[in-house]
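This report concerns only the one structure given below.
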Amino acid sequence: MGFLETTRTWARRLKRDVMTLWFARSHPATPWYAKAMGVFVVAYALSPIDLIPDFIPVLGYLGDVILLPVLIWLAVRLLPPQVLHDSRQKAEQQMLEQSAKPRSLAGAVAIVAIWLAIAGALLLASGV
């Protein structure tokens, strides 16, 4: 298996695990802390705003290449085995059907609210 194929497999696994976290958030057996971590990771993965902006040479892309996979790994590790199994099956089925990504208006509103709260807190802290 070449580098390109390995990279594609890795990216497909990341996409599957983000979708797994999406489905795990509504599973009744998911503990609250795993739901919270999963929502944070999915929001970060789908957010156009990065913790380390991409325009910063090297560091911006390292955030995408290192930070996101580590957060996904951590969030997946918090899931109980049965929740992980059920959610992964749903994610793989969703990917096989090649339908659109799951959407949530409430999730989009929450992401925007979080970023606005962070921006407001930074403005208050800077004294502007």
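Of note:
- First in segment 87-107 and within 13 Å of residue 26 (Cβ to Cβ), second anywhere and in a loop (DSSP other than H, G, I, E, B) and modelled with pLDDT of 70 or more, Cβ under 8 Å, 6 or more apart: 87/27; 87/79
- Close pairs from segment 62-86: first more than 17 Å from residue 32 (Cα to Cα), partner open to solvent by 80 Å² or more (accessible area, probe 1.4 Å), Cβ under 9 Å, at least 6 apart: 63/51; 67/51; 69/10
- Of the residues making up segment 56-90, those that are outside any helix (DSSP H, G or I) and either touching a strand residue (DSSP E or B) at 6+ places or on another chain (Cβ under 9 Å) or open to solvent by less than 30 Å² (accessible area, probe 1.4 Å) (or both) number 1.
- Residue check: residue 5 meets all listed conditions (1) open to solvent by less than 80 Å² (accessible area, probe 1.4 Å); (2) among the acidic types (Asp, Glu); (3) at pLDDT below 90 but one, namely (1).
- With respect to being modelled with pLDDT of 80 or more, touching a Gly at 6+ places or on another chain (Cβ under 6 Å) and part of a helix (DSSP H, G or I), residue 21 fits the description.
- Pair list, Cβ < 8 Å and 6+ apart or interchain, from segment 27-52 residues that are within 11 Å of residue 111 (Cα to Cα) to residues that are at pLDDT 90 or above and open to solvent by 100 Å² or more (accessible area, probe 1.4 Å): none
The values are calculated or read from the model by the stated rules, or taken from the named source; none is laboratory data. Since we're looking at a predicted model, the values are computed, not measured. Quick reminder, even Gly has a Cβ in these numbers, built from the backbone with ideal geometry, and neighbours come from all protein chains shown. SASA here: full protein model, heavy atoms, side chains in, ligands and nucleic acids out. Shrake-Rupley method; radii C 1.70, N 1.55, O 1.52, S 1.80 Å.
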